[in-house]
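*Asks:* Please read through the structure below; I'll follow up with questions.
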Amino acid sequence: MNKRVCFVGDSHVAALRLGLGLAGGERYSDQVDIFGARGKGLKSLSVEGDVISSDDTVVKESFEFTGGASSIELEKYDAVCVVGCFAGQRAVQAIVKDYATSTMKLADTIPVSRRLFEAMLASLVEKSLAYDVVRKISLASAKPLYYMENPLYSIDILSHPHGSLLKAVLDAGAMAE
């Protein structure tokens, strides 16, 4: 028996929807539904029973375009995966740029305890769109719920204006490559 999975998220997941139309992707189209809408519009999601919906017209239209319905009926699925919607790499970089634990060995940072560093990151995550979307879906259903962050960095990420900071973060082991 095939399992049905619902992907919910921002424009990253909407891009996955386009992949189902590519060669080989169509074989998954009966197992996967994708509901994507641009970032902050997802703050408007609400829960009623096991249905996730929004009063925002743009979100409804995006859900209809990507998933074929203006709301998500969670009982149809065996699992749900939230994609993207993170607080933003820049916000994490702002913390990592200025603060570090003694084991991170980053130059020109304010040393803080690991406990404080983790609390700062946790606070950031709790303010994120991803946290909000995951929390709302977890209120609506006890089905398995997964989170997939934004896609992997491109090979040339270190040429980005923040590349030197990203390299320092990677070298310190604060993020997985």
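The values are calculated or read from the model by the stated rules, or taken from the named source; none is laboratory data. The shown structure was predicted, so the numbers you read here are calculated from the model rather than taken from an experiment. Backbone-built Cβ (ideal geometry, glycine too); neighbour counts: all protein chains shown. What goes into the accessible areas is simple: the full protein's heavy atoms, side chains included, and nothing from ligands, DNA or RNA. Shrake-Rupley method; radii C 1.70, N 1.55, O 1.52, S 1.80 Å.
*Asks:* Can you tell which of Ser11, Ser62 is out of contact with any Leu (no Cβ under 8 Å at 6 or more places or on another chain), polar (S, T, N, Q), more than 20 Å from Leu145 (Cα to Cα) and at pLDDT below 95?
*Replies:* Step by step, each of Ser11, Ser62 is checked, and only Ser62 is out of contact with any Leu (no Cβ under 8 Å at 6 or more places or on another chain), polar (S, T, N, Q), more than 20 Å from Leu145 (Cα to Cα) and at pLDDT below 95.
The rows are residues; the columns are (1) within 15 Å of Ile34 (Cβ to Cβ); (2) crowded, with 17+ Cβ neighbours inside 10 Å; (3) modelled with pLDDT under 95; (4) of a type in the set (Gly, Ala, Ser).
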residue: Asp50; (1), (2), (3), (4): no, yes, yes, no
residue: Glu75; (1), (2), (3), (4): no, no, yes, no
residue: Val83; (1), (2), (3), (4): yes, yes, yes, no
residue: Phe86; (1), (2), (3), (4): no, yes, yes, no
residue: Arg90; (1), (2), (3), (4): no, no, yes, no
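*Asks:* Same structure again: Is it the case that Val96 is out of contact with any Cys (no Cβ under 8 Å at 6 or more places or on another chain), modelled with pLDDT of 80 or more, surrounded by 14 or more Cβ atoms within 10 Å (Cβ to Cβ) and of a type in the set (Val, Ile, Thr)? Steps first, answer last, please.
*Replies:* On the way: out of contact with any Cys (no Cβ under 8 Å at 6 or more places or on another chain): yes; modelled with pLDDT of 80 or more: no; surrounded by 14 or more Cβ atoms within 10 Å (Cβ to Cβ): yes; of a type in the set (Val, Ile, Thr): yes.
Answer is no for this residue.
*Asks:* Please find, within the stretch 17-42, the residue that is modelled with the lowest pLDDT out of those that are open to solvent by 50 Å² or more (accessible area, probe 1.4 Å) and within 13 Å of the chain's Cα centre (by Cα).
*Replies:* Of the residues in the stretch 17-42, the ones open to solvent by 50 Å² or more (accessible area, probe 1.4 Å) are 17-18, 21-23, 26-30, 38, 40.
Now narrow it down to the ones that are within 13 Å of the chain's Cα centre (by Cα): 38, 40.
Working: Arg38: 84, Lys40: 81.
Ranking the candidates gives Lys40 first.
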